[in-house]
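Down below is the structure, laid out as structure tokens.
The values are calculated or read from the model by the stated rules, or taken from the named source; none is laboratory data. As the structure is a computational prediction, the values presented were derived from the model and not from experiment. All Cβ positions, glycine included, derive from the backbone under ideal geometry; neighbour counts span all protein chains shown.
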Amino acid sequence: MSDNFFQPNRTTARWGTQTVAVDEGLRAYMLRVYNYMASGVLLSGIVAFLIANSPSAIQVVFGSPLKWVVMLAPLGFVFVLSAGINRLSVFAAQALYWAFAACMGASLASILLVFTGESVARVFFITAATFAGMSLYGYTTKADLSKFGSFLFMGLIGIVIAGLVNIFVASSALQFAISVVGVLVFTGLTAYDTQQIKDTYYESAGGEIAGKMALMGALRLYLDFINLFMMLMQLLGQRRD
């Protein structure tokens, strides 16, 4: 009789141990994602700073046809990583990610040339605080954010189309609208992508697959952070005289 009475407690203990193990594995996985993402942002910032403070580098990057390579290459890196991640080794995927971050840094150097250093620093910390809060929400919330995925994706497409149109019309009002909508979209995407990345942990089989998935998760969060930063710069940044 006593054996039957205490049997559920032993089962509960086993399930409790398994839950702790899963949670520890998830925390390690998410830490790996955030480390990749933060390292990518740091590398981009270093490259942007070095180029913006070197007249010769500015001339090479922005005063020659190389500027088109700098502008378009990040899209190429994202496409190669997204389409070929299953065929790439972890080392090759990491190399492409770091190359992408460096190329993005070269492109972001233009922000340091247009806006004052104080406003760039201020907006960066606002972006970091917003990103951290929304990512934490996406990680901890029990709500299913997948229902917002289609809405956020449509908003992203709208931003891209409006941005292309504004290249030709050069409307300050349209740019303001793009920036406002962009802040909302990328703030939402930060929470959404964090939850999606968290869910991929349970789908991974560990080992090399988990490493690649962590890298792709970092890429998603990196893009959310950088785009949120650029949208906020358009709204809050102070231009140089």
> Which members of segment 117-144 meet the condition of being more than 17 Å from the chain's Cα centre (by Cα) and over 21 Å from V180 (Cα atoms)?
Replying inline: G117, E118, T140, T141, K142, A143, D144
> Among the residues of segment 82-91, which ones are in a helix (DSSP H, G or I), in contact with a helix residue (DSSP H, G or I) (Cβ under 9 Å, 6 or more places away or on another chain) and surrounded by fewer than 15 Cβ atoms within 10 Å (Cβ to Cβ)?
Replying inline: S82, G84
>> Can you confirm whether A210 is surrounded by 15 or more Cβ atoms within 10 Å (Cβ to Cβ) and within 17 Å of the chain's Cα centre (by Cα)?
In response: no
>> Between A21, A73, which is modelled with pLDDT under 90 and either within 14 Å of L215 (Cα to Cα) or buried (at least 17 other Cβ atoms within 10 Å of the Cβ) (or both)?
In response: A73
> Filter segment 145-159 for residues that are surrounded by 12 or more Cβ atoms within 10 Å (Cβ to Cβ) and more than 12 Å from G188 (Cα to Cα); which is nearest to the chain's Cα centre (by Cα)?
Replying inline: I159
> Considering only residues of segment 31-70 that are of a type in the set (F, W, Y) and surrounded by 15 or more Cβ atoms within 10 Å (Cβ to Cβ), which is nearest to M134 (Cα to Cα)?
Replying inline: Y34
>> Six or more apart or on different chains, Cβ atoms under 7 Å: show the pairs whose first residue is in segment 150-176 and touching a residue at least 60 places away in the same chain (Cβ under 8 Å) and whose second is surrounded by fewer than 13 Cβ atoms within 10 Å (Cβ to Cβ) and among the charged types (D, E, K, R).
In response: none
>> Anything in segment 62-81 that is part of a helix (DSSP H, G or I) and either among the small types (G, A, S) or over 17 Å from D224 (Cα atoms) (or both)? List them, or say none.
In response: F62, L66, K67, W68, V69, V70, M71, L72, A73, G76, V80
> In this structure, does S172 turn out to be in contact with a Leu (Cβ under 6 Å, 6 or more places away or on another chain) and of a type outside the set (V, I, T)?
Replying inline: no
> Given the conditions (1) part of a helix (DSSP H, G or I); (2) among the hydrophobic types (A, V, I, L, M, F, W, C); (3) more than 17 Å from the chain's Cα centre (by Cα), which single one is not true for A102?
Replying inline: (3)
> Going by the conditions given, is V183 aliphatic (A, V, I, L, M) and touching a residue at least 40 places away in the same chain (Cβ under 8 Å)?
Replying inline: yes
>> Here are the criteria: (1) under 27 Å from L113 (Cα atoms); (2) without any contact (Cβ under 8 Å) to a residue 24 or more places away in the chain; (3) of a type in the set (V, I, T). Tell me which single one T200 does not satisfy.
In response: (1)
